[in-house]
Amino acid sequence: MVRLFRLKRFVFGLTPILMLLAAPSISWAASAPTSGFGAWLASFNVGSGALVINPIVILIQWTNFLILLIVLNKILIKPLLSHMESRDAQITGDLETAERDKSEAAGYISQYEDALAEIQRENTEALIALQQEMTEATRNRLDGVRERTNREIEETRQSIAAQAKQAASELESSASRLAGEIATRLAGRSIA
């Protein structure tokens, strides 16, 4: 970054110097001096007035332009292009890393979802087993209660039957005794 800044500063400093070097050539072509290099240069002028074309000046301008392009290419364009290429390479590397990380994350997500599905399946199986155990335990309790109730009912029936027999035998003895008493009373009345 510092190198690029220095390069820009150098190019912007070099540009006015090159323009100043080219400016006298233009003025020599327009004014047409009478002696020396200016006279020699003015001898190649074509045209007159405001439109003076001098092929030597054009050649000098093209030479200045090519030198400027070569200098700018060496100082500014090549470093800028190399910097841009390194940035492109870095961006490409970052994109590849991002793609690799994305696929790795997708793998982790699928593993997580598989593990979650397995846990849910195990929980469902455990819940079903627990419900079956609860149903079996409830059934066992109900069977136990039915058995005990049936036993108690049978015991109660036997007790009631025994009490009924006892009551019947007591009633028979009481009935015969009462019948005797009733007969004696009836007989005693009819006699009296």
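Counted by Cβ distance under 15 Å from residue 106, the other residues give a net charge of -3, where Lys and Arg count +1 and Asp and Glu count -1. Using only Cα atoms, locate the centre of region 157-189 and the centre of region 114-147, then give the distance between them in Å, rounded to an integer. Centre-to-centre (Cα) distance: 61 Å. Subtracting the Cα-Cα distance of residue 117 and residue 102 from their residue separation scaled by 0.36 nm leaves 3.2 nm. Both the radius of gyration and Dmax for region 120-192 are 30.1, 101 Å, in that order, over alpha-carbon atoms. Backbone N atoms of region 92-116 closer than 17 Å to the 7 Å Cα→Cβ label point of residue 124 belong to residues 113-116.
Read-outs: derived from the displayed coordinates by stated rules, not from any lab. Note that this is a predicted model, so its numbers are computed, not measured. Ideal geometry is used to build each Cβ from the backbone, glycine not excepted, and the neighbour counts take in all protein chains shown.
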